[in-house]
Amino acid sequence: MSPNSPLDSPPDVGVLIAAGGRGERAGTGEPKQFRPIAGMPMLLRAIRPFTQHPRVRRIVVALPPEFAARPPAWLAGLRGERLTLVAGGATRTASVRAALAALDAGCRVVLVHDAARPFVSLEEIDGVITAAAGGVGALAALPVADTLKQASDAGRVVRTVPRDDLWRALTPQGFPRAMLEEAYRAAGDGTTATDDAGLVEALGRSVVLVPGSVANFKVTTADDFVVAEALARL
């Protein structure tokens, strides 16, 4: 089957969670993905919507190697038929590659999600699965609403960038498995990418946008945790 061909039957879905980072910008001594938001570790919040989805057969979480070997109790207890923990790499791309290698062969659609996005909605997951099952790459995204400025190294504005047709890339991002595997083979081991759709785009494959939610933001800094705490308590 060609990576661009629609899948002939509803496929089993595998999910790769990129959680191999250290999260230094969050200002904590522990990996930011373990930090609680309203009493629940952020990584657990990111995983749960996928464990609750009926189409998801397997979830593979790429962790910092020392935590993959000895995960916290709240995460170790989730291991079993649907969830696997693997050691991630030095980069996000290396972590996703490791998780993809550990995924069950029967999962013909693969979603990739960031552990730092704890508020993904079931609607976003459904939309990405539906598009990827149709034979294309897909990602949750939001249109850019802010005015964009390009600046020099000295901080002087060079120009205003037109925001028409510009979108913010979110996760999950989903692909026919063969397409994602081809993208990683073509990229090579040393490649570093900020998202998987970029690797697929480099192949010349089709990637479509699925409407995302403003709640599905990436928790990166200490200020982001303040926002996340407020959102979790709504």
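The values are calculated or read from the model by the stated rules, or taken from the named source; none is laboratory data. Since the model is a prediction, treat every value here as computed from it, not as a measurement. Methodologically, a virtual Cβ is constructed for each residue, glycine included, from the backbone with ideal geometry; neighbour enumeration extends over all protein chains shown.
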Note to self: Cβ-Cβ under 8 Å, sequence separation 6+ or interchain: first residue in the range 207-220 and over 13 Å from GLY127 (Cα atoms) and modelled with pLDDT of 95 or more, partner surrounded by 14 or more Cβ atoms within 10 Å (Cβ to Cβ) and among the aromatic types (Phe, Trp, Tyr). Which pairs?
What the structure shows: ALA215/PHE119; ASN216/PHE119; PHE217/PHE119; VAL219/PHE225
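The rows are residues; the columns are (1) surrounded by 14 or more Cβ atoms within 10 Å (Cβ to Cβ); (2) in contact with a strand residue (DSSP E or B) (Cβ under 6 Å, 6 or more places away or on another chain).
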{"position": "SER121", "(1), (2)": "yes, no"}
{"position": "PRO143", "(1), (2)": "no, yes"}
{"position": "THR191", "(1), (2)": "yes, no"}
{"position": "ALA202", "(1), (2)": "no, no"}
{"position": "SER206", "(1), (2)": "yes, no"}
{"position": "VAL214", "(1), (2)": "no, no"}
{"position": "PHE217", "(1), (2)": "yes, no"}
{"position": "ARG233", "(1), (2)": "no, no"}
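One residue is enough: does the range 168-181 have a residue meeting the conditions surrounded by fewer than 20 Cβ atoms within 10 Å (Cβ to Cβ), without any contact (Cβ under 8 Å) to a residue 24 or more places away in the chain, of a type outside the set (Gly, Ala, Ser) and over 27 Å from GLU229 (Cβ atoms)? It would help to see each step written out before you state the result.
Kept after step one, since they are surrounded by fewer than 20 Cβ atoms within 10 Å (Cβ to Cβ), are these residues of the range 168-181: 168-169, 178, 181.
Adding the requirement that they be without any contact (Cβ under 8 Å) to a residue 24 or more places away in the chain leaves none.
Among the residues of the range 168-181, not one is surrounded by fewer than 20 Cβ atoms within 10 Å (Cβ to Cβ), without any contact (Cβ under 8 Å) to a residue 24 or more places away in the chain, of a type outside the set (Gly, Ala, Ser) and over 27 Å from GLU229 (Cβ atoms), which makes the answer no.
Inside the range 53-155, counting only strands (runs of 3 or more DSSP E) that do not spill past its ends, which hold 2 or more residues that are on the phi < 0 side of the Ramachandran plot and out of contact with any Gly (no Cβ under 8 Å at 6 or more places or on another chain)? So that I can check it myself, show each step before the final result.
Numbers: elements: 56-63, 83-87, 107-114, 137-143, 148-151.
Result: 83-87, 107-114, 148-151.
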Check: Can you name the residue in the range 22-78 that is within 12 Å of ALA115 (Cα to Cα) and among the basic types (Lys, Arg) and, of all such residues, is modelled with the lowest pLDDT?
Finding: ARG22
